[in-house]
Amino acid sequence: MSVAETSGSSKLGTGSEARGRLTGEGAIELHGTLTGEVEWKGLVIVGSKARLLGDGRVESLDLHGVLEGRVVASGQVTVRRGARWVGGCIAPSMSTEPGAWIEGQFRVRAGAPG
């Protein structure tokens, strides 16, 4: 997997494709395509041209691109304008901007597992 670390955060660059299980902590920015499972203790940012194809357990998620899968988050989930998400989510807090597209089962409840 071509994940680079810069200034305390990690990044999967634009045009990169990776398959497998991604684990770690801190902040990570995805700008390429990741197919597989994500287990991340920190903020996961899925960029506007990125695709995340798989399930995940994360602390927080900021989705600008495409996500196809189910996510369990222990913190805030934000779905930005132009994002597309098919799957589902369980989180204690979730916001969706106008222009975002979601389809599936999304549950927001205090004390959600993460």
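The table for this structure:
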{"read-out": "Single residue of Gly75, Gly69 found to be surrounded by 14 or more Cβ atoms within 10 Å (Cβ to Cβ) and either at positive phi or touching a helix residue (DSSP H, G or I) at 6+ places or on another chain (Cβ under 7 Å) (or both)", "value": "Gly69"}
{"read-out": "Residue identified as touching a strand residue (DSSP E or B) at 6+ places or on another chain (Cβ under 9 Å), surrounded by fewer than 17 Cβ atoms within 10 Å (Cβ to Cβ) and part of a loop (DSSP other than H, G, I, E, B) among Gly82, Gly99", "value": "Gly82"}
{"read-out": "Any hit, the stretch 13-27, residues being hydroxyl-bearing (Ser, Thr, Tyr), in a strand (DSSP E or B) and either closer than 27 Å to Ala110 by Cα or out of contact with any Asp or Glu (no Cβ under 7 Å at 6 or more places or on another chain) (or both)", "value": "yes"}
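None of the figures in this text is laboratory data; all of them are computed from the coordinates on show. Since we're looking at a predicted model, the values are computed, not measured. All Cβ positions, glycine included, derive from the backbone under ideal geometry; neighbour counts span all protein chains shown.
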